[in-house]
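Worksheet for the structure shown next.
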2 protein chains.
Amino acid sequence: MDFNAYDRNCPSRQLLDRIGDTWSVLIVVLLAQRPHRYTELANTIQGISPKMLTQTLRGLERDGLITRTVHAVVPPRVDYALTDLGRSLNVLVAELEKWAELHITDVLEARATYDARGEKEVV
Amino acid sequence: MDFNAYDRNCPSRQLLDRIGDTWSVLIVVLLAQRPHRYTELANTIQGISPKMLTQTLRGLERDGLITRTVHAVVPPRVDYALTDLGRSLNVLVAELEKWAELHITDVLEARATYDARGEKEVV
DNA sequence: CCGTATCCTACGGGATACTG
DNA sequence: CAGTATCCCGTAGGATACGG
């Protein structure tokens, strides 16, 4: 076990950071359906600021997870799409989703029990 | 697709938050080996503050991922261990690790390319 | 249309001191 | 030993305005 979660250079840590990031995952999931334009993403992902959208897209592009294609037309048109690597990451995300759906009831149940117990003890 | 990453109530989002959290994952991985005491965890996980350790443990316990066993002895002894649910989460984490190790070279390569390109353009 | 630049705030989380 | 209580700071990220 040389897995070290607070070592920034550890592959596991970097993947974990990426997957823990709200916007990254959401963008990957959207692009898994089909390529999207910048504004499409901005509109679909309500609540994201242009700053975060650009920042996240750049990060994903830098990691080779998505491609950025600029079409030399007026008005400008930029398409974002998943790479093969991005698609393989999307497979992982899908598995996470499956786990979450499968076990969410257990988690909610555990929470209810935990919280109820807490109330009694507080008295 | 009813997956909504900025909806706190979405199971996927909650799992993603948990997995993106440095300390949670590290603790789960440690407990996957064997149960640990509070101080053991504190010593092994260098850099974690008591505040974060307790907070993370409580969160994991609340979600039913770990158990907290207090032994009525002096000095106090508290053991933390994975539940079945926690073990199934650990399986996921192991898969993430596998993906990370498998694809990290691709990512690093992509970054090197991206950064090199950037330097040229900057001129 | 597709971004960048700037400002600003909330809060996650570290350090530390103390207690049952 | 196994935590809690308190203070405090850095920074992620939202809002906004503007540029190519």
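The conditions are (1) touching a residue at least 60 places away in the same chain (Cβ under 8 Å); (2) within 10 Å of chain A (Cβ to nearest Cβ); (3) surrounded by fewer than 20 Cβ atoms within 10 Å (Cβ to Cβ), and residue B:90 fails exactly one of them. Which is it?
Status for residue B:90: all satisfied but (2).
Here are the criteria: (1) within 16 Å of DNA strand D (Cβ to nearest atom); (2) at pLDDT 95 or above. Tell me which single one residue B:83 does not satisfy.
The failed condition is (1).
Pick from the stretch A:33-74 the residues that are away from DNA strand D (no atom under 16 Å from the Cβ), within 28 Å of residue B:116 (Cβ to Cβ) and within 11 Å of chain B (Cβ to nearest Cβ): which of them is surrounded by the fewest Cβ atoms within 10 Å (Cβ to Cβ)?
A:67
Residues in the stretch A:44-61 that are within 15 Å of the chain's Cα centre (by Cα) and part of a helix (DSSP H, G or I): how many?
So the count comes out to 11.
Only one of B:7, B:17 is assigned to a loop (DSSP other than H, G, I, E, B) and under 16 Å from residue A:100 (Cβ atoms). Can you tell me which?
Working: B:17 fails: assigned to a loop (DSSP other than H, G, I, E, B).
Going through B:7, B:17 in turn, just one is assigned to a loop (DSSP other than H, G, I, E, B) and under 16 Å from residue A:100 (Cβ atoms): B:7.
Hey, any hits in the stretch B:63-82 for a residue that's in a helix (DSSP H, G or I) and without any contact (Cβ under 8 Å) to a residue 12 or more places away in the chain? Steps first, answer last, please.
Initial filter on the stretch B:63-82 (in a helix (DSSP H, G or I)): none.
The answer is no; no qualifying residue exists.
For the stretch A:20-43, enumerate the residues that are away from DNA strand C (no atom under 12 Å from the Cβ), over 27 Å from residue A:4 (Cα atoms) and either part of a loop (DSSP other than H, G, I, E, B) or modelled with pLDDT under 95 (or both).
Once the filter is applied, which keeps residues that are away from DNA strand C (no atom under 12 Å from the Cβ), over 27 Å from residue A:4 (Cα atoms) and either part of a loop (DSSP other than H, G, I, E, B) or modelled with pLDDT under 95 (or both), the stretch A:20-43 yields only A:34.
The values are calculated or read from the model by the stated rules, or taken from the named source; none is laboratory data. Just so it is clear, the structure is predicted and the values come from calculations on it, not from any experiment. Backbone-built Cβ (ideal geometry, glycine too); neighbour counts: all protein chains shown.
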